[in-house]
1. Suppose we filter 58, 6, 44, 21 for residues that are of a type in the set (D, E, K, R) and at pLDDT below 90; which single one remains?
2. Can you name every residue in the stretch 163-183 that is part of a helix (DSSP H, G or I), modelled with pLDDT of 75 or more and either surrounded by fewer than 16 Cβ atoms within 10 Å (Cβ to Cβ) or more than 12 Å from the chain's Cα centre (by Cα) (or both)?
3. Residue check: is residue 141 surrounded by 12 or more Cβ atoms within 10 Å (Cβ to Cβ) and either modelled with pLDDT under 90 or of a type in the set (Asp, Glu) (or both)?
4. Go through the residues of the stretch 61-73 one by one and say whether even a single one is closer than 30 Å to residue 177 by Cβ, part of a loop (DSSP other than H, G, I, E, B), at pLDDT below 90 and of a type in the set (Gly, Ala, Ser).
5. Restricting attention to the stretch 103-143, report how many residues are outside any helix (DSSP H, G or I) and closer than 17 Å to residue 227 by Cα.
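The values are calculated or read from the model by the stated rules, or taken from the named source; none is laboratory data. Predicted model, so just to flag it, every value in this text is computed and none were measured. Here Cβ is always computed from backbone atoms with ideal geometry, including for glycine, and neighbour counts include all displayed protein chains.
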Amino acid sequence: MKSLKEKTTDAENASLVDKVEKHIIDYIKDNALRAGDSLPKELEFAETLGVSRTAIREAMLRLRTLGLIESRKHRGMVILEPDLVRNFEKMLDPALVDIKMLSNLFELRLMLEVGMADFVFTRKTPKQLRELEEIVRNSEEQRCDSFNFYLEEEKKFHGKLYEMAGNDILKKFQDVFMPIFQYVHDLNRYQTAYILPEGSKQISHRDLLEELKHGTPASFRELMREHLNAHYIKVLGISY
């Protein structure tokens, strides 16, 4: 068996640690290992691949950083169930990515919130509607022009909708999107004033709540699209 150093790969410029990391991941897949299973010892990997334990240790550290493995007493490295959203959130500091990426993420939020409307309507419960009613009522009683208040209101209302959609991964994405939402607006990225089409009105959280109570999945989805229209027109330059 050739050592890892002797093997050729498609990634000619990949570092030795890159190759070791890929081998460990391939080992996990090839042996159908699952969360809770243990990996071989560093020395065993080093001898099999013909590399130093330092290279193995650095590759393992990368996988630990990604939340794919962790060290446990008396068991060595153990495989974890990856938390994809948490890893995404850790890597995504709005101040460290360019404006194109921020804009793409902002657009992704709009896509998800319209796309989840049918699930929100279908899976809503009386208890959740009461909680949403309280959020809307409190925001109406405390309404002011503070931008910070506006963001907090958005987070509470839309966060509840993410929860009502009944998808755990989607709910976690709420924590990713709100900092992006705030950062883009703080940069004044979208400066074009939004003027409502003649004869129309701004769709409020109260309007969405009433549609959830008395409308249909299709009507709620349409209203959600209208509610986000100000963002769409700034991003795409079109109204709905």
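1. Working: 58 fails: at pLDDT below 90; 44 fails: at pLDDT below 90; 21 fails: at pLDDT below 90.
Result: 6 is the single residue among 58, 6, 44, 21 that is of a type in the set (D, E, K, R) and at pLDDT below 90.
2. 163, 164, 168, 169
3. Numbers: surrounded by 12 or more Cβ atoms within 10 Å (Cβ to Cβ): no; either modelled with pLDDT under 90 or of a type in the set (Asp, Glu) (or both): yes.
Spelling it out, it is not the case that residue 141 is surrounded by 12 or more Cβ atoms within 10 Å (Cβ to Cβ) and either modelled with pLDDT under 90 or of a type in the set (Asp, Glu) (or both).
4. Yes, the stretch 61-73 has at least one match.
5. So in the stretch 103-143, the residues outside any helix (DSSP H, G or I) come out as 116, 124-125, 143.
Among the residues that remain, those that are also closer than 17 Å to residue 227 by Cα are: 116.
Residues flagged as outside any helix (DSSP H, G or I) and closer than 17 Å to residue 227 by Cα within the stretch 103-143 amount to 1.
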